[in-house]
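This report concerns only the one structure given below.
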Amino acid sequence: MRNSDSYDLVVVGSANADLVVGVDRRPAPGETVLGSDLAVHPGGKGANQAVAAARLGARTALLARVGDDAHGRLLLDAQRAAGVDTAAVLVGGAPTGVALITVDPSGDNSIVVSPGANARLTPDDIRAAGELLARARVVSVQLEIPLETVATVAELVRTRPDGPRLVLNPSPPAPLPAGVLAACDPLVLNEHEAAFLLGGAEGTPEDWARALLALGPRSVVITLGAAGALVADTRTDTVVRVPSPRVDAVDTTGAGDAFTAALAWRTGLGDDLARAAGYAVRVGAAAVTRRGAQESFPAADEVPGP
Ligand code: ADP
């Protein structure tokens with residue numbers, strides 16, 4: 001047995017408490033408005049992905065940092081309830097990250113994120129967890145933690161023979177060092193993130209995928225909302241569309257996180273990228289039929305058939 005068989009997926013990323021208030025309208029500078037009761041939800045891209053994968057049945061661990069506070073405990077409870085191994089979640093150093101979200105009657109969100117403990121997940125924290133990363137089939141990372149921390153994950157994964165596969169969702173988008181891009185297999189991103197990395201989105205999604213491959217990743221997956229996804233792989237030299245099932249979408253929050261977690265898990269099980277994306281679009285579609293982020297993620301038996 002390879003020593004990489006302990007975890008199907010290790011997610012390295014953010015954990016945030018989402019603090020949500022409904023408002024009739026946003027306050028102007030210097031103004032105060034009254035809103036609805038506060039709702040507090042577990043969120044953050046890393047925490048979301050870990051919950052999504054574990055709920056599908058993946059053996060999943062989260063490497064993240066939360067504060068020694070009530071929001072941190074809420075996040076850890078949500079991870080454990082989904083079956084995520086939280087032994088590597090670091091506690092303390094700063095308050096738990098929060099997203100302050102106001103929602104207006106049209107459903108538009110305005111969001112302020114305070115990264116808090118997420119900004120204190122350091123390269124040293126990653127090196128100290130090297131053994132955990134080595135025991136993963138796939139390591140999934142996003143950009144709500146410091147870029148130097150992401151670069152350390154990429155370096156550890158790249159330099160280890162027979163090491164795990166790296167999946168990166170560059171969200172929120174930021175310029176990426178060549179070494180990080182070269183480690184991605186795949187780079188998973190939506191249309192906005194693709195446009196950012198390419199400095200504009202000329203042509204078709206197929207054109208974007210080829211242009212993104214030219215930046216160095218071994219493979220690229222672009223999510224296209226209700227249209228599903230597009231997969232480009234240097235191994236097979238193919239660019240393939242993967243349609244999403246048609247569903248009544250009520251809330252797309254976290255859909256990309258559920259998609260990426262499902263894709264990462266399935267590639268680690270040996271699915272080729274197109275097949276893994278075929279599963280991931282069904283997981284994403286299931287997630288948009290329910291409200292919320294983590295609350296909306298399906299168990300394996302709730303994923304619609306092909
Ligand atoms: P993000 O949330 O990162 O912007 P997308 O909106 O592209 O990502 O959604 C990710 C995945 O979720 C899609 O590839 C698709 O599988 C699913 N999805 C999103 N919106 C819908 C929708 N309206 N109908 C069906 N599936 C959807």
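Among the residues making up the range 8-53, those that are out of contact with any helix residue (DSSP H, G or I) (no Cβ under 8 Å at 6 or more places or on another chain) and assigned to a strand (DSSP E or B) are ASP18, LEU19, VAL20, VAL21, GLY22, VAL23, GLY35, ALA39.
Is one or more of the residues making up the range 161-183 surrounded by fewer than 17 Cβ atoms within 10 Å (Cβ to Cβ), farther than 24 Å from VAL10 by Cα and in contact with a Leu (Cβ under 8 Å, 6 or more places away or on another chain)? Looking through the range 161-183, none of the residues is surrounded by fewer than 17 Cβ atoms within 10 Å (Cβ to Cβ), farther than 24 Å from VAL10 by Cα and in contact with a Leu (Cβ under 8 Å, 6 or more places away or on another chain). Look at the range 206-234: where a residue is under 15 Å from ALA195 (Cβ atoms) and a partner is of a type in the set (Val, Ile, Thr) and away from the ligand (no atom under 15 Å from the Cβ), sitting 6+ places away or on another chain with Cβ atoms under 8 Å, you get GLU206/VAL239; ALA209/VAL239; ARG210/VAL239; LEU230/VAL239. Identification of helices (runs of 4 or more DSSP H) wholly contained in the range 188-306 with 1 or more residues that are farther than 30 Å from ARG158 by Cβ yields 273-287. Against the test of being touching a residue at least 60 places away in the same chain (Cβ under 8 Å), within 23 Å of ALA82 (Cα to Cα) and aliphatic (A, V, I, L, M), the options ALA280, ALA299 yield a single qualifying residue, ALA299. Among the residues here, ALA194 qualifies as of a type outside the set (D, E, K, R), within 11 Å of the ligand (Cβ to nearest atom) and either more than 16 Å from the chain's Cα centre (by Cα) or closer than 16 Å to ASN169 by Cβ (or both).
Inspect all residues belonging to the range 213-225 and state whether any of them is among the small types (Gly, Ala, Ser), within 10 Å of the ligand (Cβ to nearest atom) and surrounded by fewer than 24 Cβ atoms within 10 Å (Cβ to Cβ). Yes, some residue in the range 213-225 is among the small types (Gly, Ala, Ser), within 10 Å of the ligand (Cβ to nearest atom) and surrounded by fewer than 24 Cβ atoms within 10 Å (Cβ to Cβ). Is it the case, given these coordinates, that GLU295 is closer than 27 Å to ASP18 by Cβ, modelled with pLDDT of 95 or more, within 15 Å of the ligand (Cβ to nearest atom) and surrounded by fewer than 22 Cβ atoms within 10 Å (Cβ to Cβ)? When the stated conditions are applied, GLU295 does not pass them. With respect to the conditions (1) touching a residue at least 40 places away in the same chain (Cβ under 8 Å); (2) aliphatic (A, V, I, L, M); (3) out of contact with any Lys or Arg (no Cβ under 8 Å at 6 or more places or on another chain), VAL139 falls short on a single one, namely (3). The C-beta contact set for the range 249-261 (first residue on the phi < 0 side of the Ramachandran plot, second residue among the polar types (S, T, N, Q) and near the ligand (Cβ under 6 Å from one of its atoms), distance under 7 angstrom, 6+ apart or interchain) comprises GLY256/ASN190; GLY256/THR223; PHE259/THR223.
Considering only residues in the range 244-289 that are more than 19 Å from GLN49 (Cβ to Cβ), more than 9 Å from the ligand (Cβ to nearest atom) and of a type in the set (A, V, I, L, M), the one that is surrounded by the most Cβ atoms within 10 Å (Cβ to Cβ) turns out to be ALA274.
Scanning the range 34-58 for residues that are touching a Ser or Thr at 6+ places or on another chain (Cβ under 9 Å) and of a type in the set (Val, Ile, Thr) yields a single hit, VAL51.
The values are calculated or read from the model by the stated rules, or taken from the named source; none is laboratory data. Just so we're clear, the structure is a prediction, and the values are computed from it rather than from any experiment. All Cβ positions, even for glycine, are placed from backbone atoms using ideal geometry, and neighbour counts span all protein chains on display.
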